[in-house]
Structures are given as C-alpha cells and as structure tokens.
Amino acid sequence: MRSARQGTALFVPLWLVWLTAFGFVLIGLGSFGILDNNEGLYAEIPREMLASHDWRHWIIPHLNGLPYMEKPPLLYWLTALSFALFGESEWAARAVPAISSLSCVAMLLWFGRAVYRPQAGRLAALMFVSGIGVSAMSRVLMFDMLLTALLTAALMCAYRYASEGRVRFVRWSYAFLALALLAKGFVAPALFGLIIVGFTLVMHRPVKNSLRAFGKWFEPRALLIFFAIAVPWHLAASLTEPIFAWFYFINEHVLRFLGQREPHDYYAGAWWYYLPRMAIYLFPWSFLLLCLASPSQREADREEVGLQRFLWLAWLVPLAFHSISSAKANYYLVVVMPFAAFHLAVAIENRGFLPALRKAAPGLLIAILMVLLCIAGAMRAEEPGRTLMIAGLPSHRFLLWACGGMAALAFASAIAAWRATRIGVLAYLVLAIWTGIALSLALAAMEPLASTRQLAAYLQHELPGRTVYLYRNFEEKSSLPFYLKKTVAVIDTRSNDLFWGNRLRSNDILISADQFARRPADQPVAVVVMDKQLKDFRAAGFFSRFTREKRIGETTVFSN
C-alpha cells in the first residue's frame, strides 16, 4: 500500500463534516408530523407490534389490524425498539433512518482512510449528507436509508477483502448483506452480486482467472453467517402464513421488477427516469460535475485503477438496475448516493480540488438558473383560491424569495470558491443549508395537508368517544391510526396496501358503504373525507345522519 497522499489543495475539517451531518440529519427531526402514505404506514406497523402483545405480529407485520407482508421486518423491529425506549414520537419514528444516514457518513470517512483518500472521504461525506435528496431521506421513516447503510457497509468490506485478502472483511460483508436482505428484500443481494461479479471480471483476466477469483467469495464461515442471519425470519414467516412464500418471493420481487405485481401501486418511467433526479439528489454538489473536464493528476497504478473500477460499478450498477426495472420511485435512488458522492470527491481530488476559475462555474450557473426561475415566476400570475402561506408569505412570493436568495448566495459562493483557496468548493455548503431551510419552512406550512397530526388532535379533543372512519383513501391519511393509537375502519376502501390483508382475513375494518349504512344511526361516529371524495360522500344514502362538519387542510370531518 502507498503511504498517505500529502499536499492536497483543500483541507476538509473533520469537525465540519460532523457538524454538517448532525445539523442536516438531527435538527428539527421531530418538528413535523408523521407524513401520510409511506411514513404513516411504516410508523403504524411497529406501533401495532408493540401494542399487540402477540409474537406472531413480529413475524408477520400488521397494518391497521390486517397482515402486511410486502416488506421484511428489520425496519419495523428497529423502530419498535426505538418506540419502546423513547416513546411513540415523531423523532423516535425517524431515529432509524437518521442513524443510518450518520452511519453512511462514518463509513465514507472510514473508507476514505482505508484507501488512502482521507480528504476525498471527508468531502464525500459532507456532500452526501447535505445533498437535498439524502437530507430528505434521512428525516423520513422509510426502508431505503437503512438499506443504503447496510448495503454500503457490505460493499465497502467486500472491496477491502478483494484488495487486501483479509478473511474477516468477507465475513463482515456477508453479515451486513444479510441484514440488508432483512431491510428491504432480495434487491440487496441482487445488487451486491452484480457489483461483485462485475468487479471480479474486470480485475481478473483472462476468464479462467476470473473463475478462480470467484471461488474466494464462497468462504464457508462467511456463508454460514449470512444464512444464520437471513434464513430464520423467512422460515418462520413461511410457517406462520401459508401464502407468504408466493406473496413475498414471487409477487413482491419477481412480479414487481417485471411490472406485473398485484395490486399495481407503484410508478413506472422511461429508462432515463433517474438521470435528472441524480442531479437533484446531490444538489448543489452535482453541479461540480461540470468542472471535471480537466485531466486527472493521479497516476494510473493498479490500486488506483481497481478503486476507480469499483466506484464506477458501485453506483452505476444500482442506477442501471432500477432504471431497467418496471417499478420506479424517487426514493430508490438513495442507495446510489454514497459511492456516487465518493467517486465525485475522488475525481475532484484527482484534479487538485479544481482550478480556481473552474470552482466558480457551478455557483455562477446556479445563480443564472435561479434568476431565470425568478423571472419566470414573476411573470406567472398567482392562482386564485386558497393560498398556502409559508413563513408569513403567499407560496408564490415565498418561492420568489427562495430562488432570489439562492441566486445571491450562489453568486457569493462562486466568488468565495474562486478567491479563497482554503474554502474552495466548500463554499457551496451554504447553498445546501439555504435549500434545507426553505424546504423545512415549506413542509411546516404544508403539515395539515401532509399529515394527520392536527386532524387527530381535533378528533381526540373535540370528538372524544366517537368511532372514527376513513372514507376510501387509507394511504392518503395513513398516519391517522398512529396518532389515534388504534385501527381505523375504512368505508368503501380503495386501498392497495390493505388489499392482501383484506383478502387473507375476514374483518370488520374494511367495510362497504352499505355495511356502514346499516349501522345504528344513533351510534356516535366521525368520518374523515378528503376533498376529492366529498361529492361521492355527500351523495351517499347515509350522509343525512351527520349534523356537524369541520374542515382541516384538504379534509373534512363529518360527525353526528
């Protein structure tokens, strides 16, 4: 191994990396309500695990009282542990993705030191955690940040095993890979296998050498560790629920990838779907790609070539895999980010952390784009009707101020990057901070539209003792059971997430409009109806029994 490289043109302080990481991940972590749709689902499941006092709910998770087998249980188990230790709060619900994001920061620092690129590792960690997409995913309860942390750990250990040959690294790699499997299913070993096979092929030629090199990945104790972690839950789930094996292995993995899963509750897109989102996820740092036209200053020895090939595979393979898949979602992209950030940081370091004028180019381009957005926004008339107020300003005016402020800061950052050698590209951190503040203010203003925290408070304090029903759209008000601390019956359901649970279990949770109409008229109830369903709800035969209504956000509560 070469000695540590010296004389880099930029020094990234370790304290700045961790200050940035803690600031972007932890500040205000519990300041906004549990978001509807995905976050509401994934917060309610561990709450029900704890409330059920039934071990079977820890094997087959339940959502709103019905079996929910779409995902493996590691995120639920860890979140339930967080609830048991800290209470069922917003920040406790988001502790797992937050810790996962901070773990990625630590791993990027560790990997940077291991490959003799400590400054690149620090820059990568800073860019990763302050990128707009990663920052958002670090603060929302979803599977992808936990998957990202575990798969990143598995791949980093695998690279060290491939380059150094120490067996302990392959054993750690397989342990993390098994946990990644329990975090989000077989996408983890699929991506891991594709990357490792590709790396082995490009590093060992001819083919017969590659075949010999593959053999070392079948280390007996490493395989034993993997199966010891991965198999028990899959076996227990298959024994507990007879349909589990088909549903989980075929419907949720094979048919989802092919776009034939039932129900079809995911998005599709063209092969280039993720390319523009890559720029958004690492904003503002993604604009540094424009500065990499100059040649690298590093020598191309075998160690350098091996690292470069591994980094290319480590982020391009997941990007290609998800691009080919028929099921697409913005949050799938977070798994690409640790190695994409590290590769970008290495490329910047290889060019002496960029010539002076090149460092100013991203800021100038962002400033121009923001000015153009301001002009376009000023020329567009405000839409009539209800106006969302953000930080005391109408949303239209807030966006103008946000873009104008970004333009000014981008120009100032470009000057600082150009003139202040010790600051360099770190000047663009202020743009990430500005973006984070603007998004936080917008989310706080949108809370009544994006969470049921205020709605649940109204039901608990103003309408106590009433049985609460949702009309049709469970996912769009999925945080309501979490805040009410009980299952919520759904009238005339249109739910995809409760689809299979309803088919597997006879229940009185999902009821038809006719079943609701047959319930005693004097029973105290409250029905939550979204604006887009109001017309149908008012036309229903049972509407006349309601005497009160209260509007909260884009939802109306009807009660008798």
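Taking only pairs six or more apart or across chains, which ones have beta-carbon atoms under 6 Å, a first residue in the range 410-434 that is free of Cβ contacts under 8 Å to residues at least 24 places away in the same chain, and a second residue that is surrounded by 15 or more Cβ atoms within 10 Å (Cβ to Cβ) and not in a helix (DSSP H, G or I)?
Ala416/Ile423
Taking only pairs six or more apart or across chains, which ones have beta-carbon atoms under 9 Å, a first residue in the range 159-183 that is farther than 30 Å from Lys71 by Cα, and a second residue that is at pLDDT below 95 and of a type in the set (S, T, N, Q)?
Hits for this filter: Ala162/Thr200.
Any chance the range 70-84 includes a residue that's surrounded by fewer than 20 Cβ atoms within 10 Å (Cβ to Cβ) and within 25 Å of Trp18 (Cβ to Cβ)?
Yes, the range 70-84 contains a residue that is surrounded by fewer than 20 Cβ atoms within 10 Å (Cβ to Cβ) and within 25 Å of Trp18 (Cβ to Cβ).
Name the single residue, out of those in the range 335-358 being in contact with a helix residue (DSSP H, G or I) (Cβ under 6 Å, 6 or more places away or on another chain) and either of a type in the set (Phe, Trp, Tyr) or farther than 28 Å from Val305 by Cβ (or both), that is surrounded by the fewest Cβ atoms within 10 Å (Cβ to Cβ).
Ala356
Determine, yes or no, whether Ala456 is surrounded by 21 or more Cβ atoms within 10 Å (Cβ to Cβ) and either at pLDDT 90 or above or assigned to a helix (DSSP H, G or I) (or both).
yes
Does the range 458-486 hold any residues that are within 28 Å of the chain's Cα centre (by Cα) and closer than 22 Å to Ala540 by Cβ, and which are they?
Leu470, Arg472, Asn473, Phe474, Glu475, Glu476, Lys477, Leu480
Are any of the residues in the range 123-135 surrounded by 24 or more Cβ atoms within 10 Å (Cβ to Cβ), at pLDDT 95 or above and farther than 23 Å from Gly23 by Cα?
no
How about the range 252-352: which helices (runs of 4 or more DSSP H) wholly inside it have at least 1 residues that are in the same structural domain as Leu194 (by TED's automatic domain parsing) and modelled with pLDDT of 90 or more?
Because the criterion is at least 1 residues that are in the same structural domain as Leu194 (by TED's automatic domain parsing) and modelled with pLDDT of 90 or more, the helices (runs of 4 or more DSSP H) in the range 252-352 that meet it are 275-281, 302-324, 337-350.
Which pairs do you get when a residue that is in the same structural domain as Leu364 (by TED's automatic domain parsing) and hydrophobic (A, V, I, L, M, F, W, C), found in the range 388-409, comes within reach of a residue that is surrounded by fewer than 17 Cβ atoms within 10 Å (Cβ to Cβ) and not in a helix (DSSP H, G or I), reach meaning Cβ atoms under 9 angstrom, with the pair 6+ apart or on two chains?
Every condition considered, the pairs that remain are Leu388/Pro394; Leu388/Met446; Ile390/Met446; Phe398/Leu388; Phe398/Met389; Phe398/Ala391; Phe398/Gly392; Trp401/Ala391.
Hey, any hits in the range 25-42 for a residue that's of a type in the set (Val, Ile, Thr) and surrounded by fewer than 20 Cβ atoms within 10 Å (Cβ to Cβ)?
There is at least one residue in the range 25-42 that is of a type in the set (Val, Ile, Thr) and surrounded by fewer than 20 Cβ atoms within 10 Å (Cβ to Cβ).
Any residue that is out of contact with any helix residue (DSSP H, G or I) (no Cβ under 9 Å at 6 or more places or on another chain) and acidic (Asp, Glu) - is there at least one of those in the range 495-507?
So far as the range 495-507 goes, no, none of its residues is out of contact with any helix residue (DSSP H, G or I) (no Cβ under 9 Å at 6 or more places or on another chain) and acidic (Asp, Glu).
Does Leu108 satisfy being in contact with a Pro (Cβ under 9 Å, 6 or more places away or on another chain), surrounded by 24 or more Cβ atoms within 10 Å (Cβ to Cβ) and in a helix (DSSP H, G or I)?
Here the answer is yes, as Leu108 does meet what is asked.
Output yes when any residue across the range 44-54 is outside any helix (DSSP H, G or I) and touching a residue at least 40 places away in the same chain (Cβ under 8 Å), and no when none is.
Scanning the range 44-54 turns up no residue that is outside any helix (DSSP H, G or I) and touching a residue at least 40 places away in the same chain (Cβ under 8 Å).
Based on this model, can you work out whether Gly424 counts as out of contact with any Phe, Trp or Tyr (no Cβ under 6 Å at 6 or more places or on another chain) and either of a type outside the set (Asp, Glu) or more than 30 Å from Thr556 (Cβ to Cβ) (or both)?
Considered against the rule, which asks whether it is out of contact with any Phe, Trp or Tyr (no Cβ under 6 Å at 6 or more places or on another chain) and either of a type outside the set (Asp, Glu) or more than 30 Å from Thr556 (Cβ to Cβ) (or both), Gly424 comes out as no.
State which residue pairs qualify: first residue closer than 12 Å to Ser286 by Cα and free of Cβ contacts under 8 Å to residues at least 12 places away in the same chain and inside the range 358-369, second residue of a type in the set (Gly, Ala, Ser) and part of a helix (DSSP H, G or I) in any location, beta carbons under 9 Å apart, and separation of 6 or more residues or different chains.
Taking only residues 6 or more apart or on different chains, not a single pair turns up.
Just to be sure, is Arg113 farther than 19 Å from Pro318 by Cα, charged (D, E, K, R), modelled with pLDDT of 95 or more and surrounded by fewer than 24 Cβ atoms within 10 Å (Cβ to Cβ)?
Taking the combined requirement at face value, the residue satisfies it.
Can you confirm whether Gly198 is surrounded by fewer than 17 Cβ atoms within 10 Å (Cβ to Cβ) and of a type outside the set (Asp, Glu)?
Spelling it out, it is not the case that Gly198 is surrounded by fewer than 17 Cβ atoms within 10 Å (Cβ to Cβ) and of a type outside the set (Asp, Glu).
Hand me the list of strands (runs of 3 or more DSSP E) wholly inside the range 478-560 holding 3 or more residues that are crowded, with 20+ Cβ neighbours inside 10 Å.
In the range 478-560, 489-491, 525-530, 555-559 are the strands (runs of 3 or more DSSP E) which contain 3 or more residues that are crowded, with 20+ Cβ neighbours inside 10 Å.
The values are calculated or read from the model by the stated rules, or taken from the named source; none is laboratory data. It should be emphasised that the depicted structure is a prediction, and the values quoted were computed from it without experimental measurement. FYI the Cβ positions are ideal-geometry reconstructions off the backbone, even for glycines, and counts take in every protein chain you see.
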